[in-house]
Amino acid sequence: MIPQEFIEEVQQKTDIVDLISGYIPLKRAGRNFKALCPFHNEKTPSFFVSPQRQIFHCFGCGKGGGALQFLMLYERMNFVEAVELLAKRAGVSIPYQRSSPKDRLKIVLYEVVEEASRFFHNNLISSNEGKKAKDYLHKRGIDEDTIKLFRMGYAPLGNRVIGYMRKKGITLDILEKASLVVAKEGGGYSDLFRDRIIFPICDIRKRTIGFGARALKDKEGLPKYINSFENPIYNKRNHLFGLHLSKEEIISKDRVVVTEGYLDMITPFKAGIKNIVASLGTALTIEQIRLIKRYASRVTLVFDSDKAGESATLRALDLLLGEGLRTEIVRMPEGLDLDLAIRRNGVEFVKSLLDKRVDFFDYKIEMLRRLYDVESIEGKAKVAQQMLITISKRTSEVEKYEYIKKLSYILGVKEAVLFSELRKEEKEDRSIRRDTALSLERKELVPIAEKIIIKSMLANKKVFSALKNKLNADDFSHFLSKKTFVSLLDKAQHGYFTYSDFLISTEDSAISSFVSEIMMDDAIKIEKKTLKDCVTKLKKNRMKVIKEQLRDQLRIAESLHDIKRTKELIEKFNKINSEVRNG
């Protein structure tokens with residue numbers, strides 16, 4: 001919590017005319033200043049700023065307030081974020097009340113990551129060893145101004161980050177928490193980023209929170225990209241690359257172009273396509289989509305034309321539509337991404353592709369027609385089911401009607417039949433939202449095998465006794481089943497109990513909703529063979545996760561040329577493969 005006295009102090013140190021003139025041009029109008037309102041379209045200025053009263057007001061749309069309210073409206077910030085930005089602008093530190101160790105750690109990590117960003121950037125623009133990285137970027141069409149704007153950097157060979165930061169009194173423990181170094185198996189630490197081009201990742205407030213790092217040369221066995229691990233200040237689900245630079249253009253156009261990679265965002269931005277962001281991975285998350293929603297109501301997806309890109313696009317559609325965002329897709333020519341398309345064919349070619357964007361319906365129906373035979377009854381049923389799920393996300397009844405008409409024509413199925421199925425889908429969706437506090441997205445992600453196991457443990461004392469020692473929390477992939485399993489073990493320490501006892505004793509609303517749901521769902525059958533198969537499946541899935549983690553660790557070890565660590569990881573990997581083969 002921020003003390004009220006401090007908020008008042010920050011406002012007193014802020015001149016509202018200086019603040020607002022940094023965003024929009026103001027003209028003197030008597031004792032006041034005026035401008036075209038940034039919050040609605042108008043031809044005659046009705047937005048006024050009073051330096052005496054330190055307030056603003058628009059007589060057109062009615063919006064007004066002080067410096068904090070302006071920032072909240074213009075920057076799409078909440079109250080605390082606006083106070084923090086004003087404090088930074090005034091050059092004062094916020095005296096948080098009851099500051100926790102976690103909050104204090106975050107403050108330190110922001111400072112450390114920012115210092116690392118300066119180190120990488122200076123290495124790129126000033127050092128001899130950074131020249132090869134700069135030459136590479138120039139060959140990719142990235143000029144000096146773009147390098148400075150995105151604060152790109154170069155991570156040199158050796159443990160240079162460790163040496164630089166240690167001289168500044170920063171501990172290795174903090175460097176590890178900031179995802180700048182990794183611990184070696186035999187002891188000691190190594191720089192995570194070595195001989196790589198650095199792309200700083202910033203949050204909406206322009207604070208550096210992490211890094212993406214590209215190898216200068218593509219070498220077999222080495223990952224092309226290494227990214228910061230998630231830590232107290234960086235979680236890729238919550239951020240979009242480049243949004244801090246593109247948000248004003250996104251607001252102005254009420255449209256955001258979403259792509260995948262760093263250069264797929266940077267190259268178009270440099271070429272004049274300013275309302276663009278990258279997703280920090282192929283799959284858009286619900287957190288990223290809600291961040292987009294703060295700035296635009298229309299989304300254009302531009303993912304790669306390969307299977308992974310198409311899958312990512314299809315996954316994103318329902319989430320985007322579910323948040324009320326109008327969604328369109330650009331079909332990229334095979335073998336091209338945005339970066340390569342601009343370098344080969346020019347920005348006008350890419351703009352023409354963006355102008356040819358297709359509606360979500362046309363894109364999804366084309367993908368489904370590739371997968372299913374729409375001439376067969378089974379194929380028609382599957383296509384209809386998938387399309388109706390997506391159509392149901394639209395809020396406009398007119399749009400739903402028009403999409404049903406198109407679907408009816410394509411499938412040769414009567415509109416009345418499709419409308420009947422649509423209402424079933426909508427009724428089921430409303431029922432799910434009413435009966436549980438969990439979102440539909442989270443519920444669907446809970447694997448059926450995990451539901452069966454939890455239900456069996458709650459319903460049968462012998463099953464509980466048999467599985468409590470056979471399974472552990474890490475065997476469950478979904479956070480809800482994991483939390484429920486841990487809670488079951490914790491509350492069972494004083495003896496077995498019925499699921500009704502469990503519901504009464506738990507204070508976690510997510511767990512109680514989950515338990516009541518699965519216990520009342522008659523479709524979740526409890527059978528001995530099914531339960532055994534489910535346990536086996538969980539164990540196999542856990543092995544897959546462990547193997548994938550080992551692969552990631554192996555790539556990092558190889559990139560660091562840590563021979564001992566690489567050998568140990570290969571031995572672990574082979575041992576797991578042997579265990580899987582032997583059952």
### Message
Restricting things to Cα coordinates, could you compute the convex hull volume per residue of region 122-167 in Å³?
### Response
74 Å³
### Distance in nm between pseudo-label sites at Ile563 and Ser352 (7 Å out along the Cβ direction from Cα)
5.5 nm
### Query
Near the amide H of Val257, under 5 Å away, which other amide H atoms are found, from residues 5 or more places off or on another chain, if H is placed in the peptide plane?
Ile276, Val277, Thr300
### Task
Report, by chain and number, residues whose modeled amide H sits under 5 Å from the one on Asp195, excluding near sequence neighbours (fewer than 5 apart, same chain).
Ala155, Leu157
### Query
Which of the GluC sites (Glu not before Pro) across region 1-79 are loop residues per DSSP, with 16 or fewer other Cβ within 10 Å?
Glu42
#### Entry: Percent RCO, i.e. relative contact order, over region 372-435, from Cα pairs under 8 Å lying at least 6 residues apart
29 percent
### Task
Work out from phi, with θ = phi - 60° and the Karplus expression 6.51 cos²θ - 1.76 cosθ + 1.60, the ³J(HN,Hα) of each residue of region 449-466, listed in order in whole Hz, and give x for Gly and Pro.
4, 6, 4, 4, 5, 4, 4, 5, 5, 6, 8, 9, 5, 5, 4, 4, 4, 6
### Contact order relative to length of region 215-277, as percent, for alpha carbon pairs under 8 angstrom and 6 or more apart
32 percent
## Note on the structure
The pairs in Lys106/Lys177; Lys540/Lys567; Lys455/Lys483; Lys451/Lys537; Lys247/Lys270 lying past 19 Å Cα-Cα in this model are Lys540/Lys567
### Task
Write out the trypsin sites (Lys or Arg not before Pro) in region 74-166 meeting two conditions: DSSP loop, and at most 10 other Cβ atoms within 10 Å of their Cβ.
Arg98
### Query
If you wrap a convex hull around the C-alpha atoms of the chain and split its volume per residue, what is the figure in Å³?
219 Å³
### Query
Taking Rh as the Kirkwood radius, which is the inverse of the mean 1/r over Cα pairs, what is the Rg/Rh value for region 256-304?
0.94
### Message
What number do you get for region 240-364 when its Cα radius of gyration is normalised by 2.2 N^0.38 Å, N = residues?
### Response
0.94
### Task
Sort 194-206, 403-415 for me by packing, meaning the mean count of neighbouring Cβ atoms within 10 Å per residue, highest on top.
194-206, 403-415
### Query
Using only the Cα atoms of region 101-234, what do you get for the radius of gyration and for Dmax, in Å?
14.5, 46
### Message
Using Cα-Cα distances under 8 Å and only pairs 6 or more residues apart, what relative contact order does the chain have, in percent?
### Response
7 percent
### Summary
Sequence order, region 260-265: Karplus ³J(HN,Hα) from phi using 6.51 cos²θ - 1.76 cosθ + 1.60, θ = phi - 60°, Hz rounded, Gly and Pro as x, gives 9, x, 4, 6, 5, 8
#### Entry: region 563-573 - phi-based ³J(HN,Hα) in whole Hz, Karplus 6.51/-1.76/1.60, Gly and Pro as x
4, 4, 5, 4, 5, 5, 5, 5, 5, 4, 4
### Task
Find, among the trypsin sites (Lys or Arg not before Pro) in region 335-393, those assigned to loop by DSSP (not H, G, I, E, B) with at most 12 other beta-carbon atoms within 10 angstrom.
Lys356
### Message
If the reach is capped at under 18 angstrom between alpha carbons, list the lysines near Lys307, excluding any in the same chain fewer than eight residues apart.
### Response
Lys364
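Every number in this text was worked out from the coordinates using simple rules, so none of it is lab data. Quantities reported herein were computed from a predicted structural model and do not represent experimental measurements. In this analysis, Cβ positions are derived from the backbone assuming ideal geometry, glycine residues included, and neighbour counts consider all displayed protein chains.
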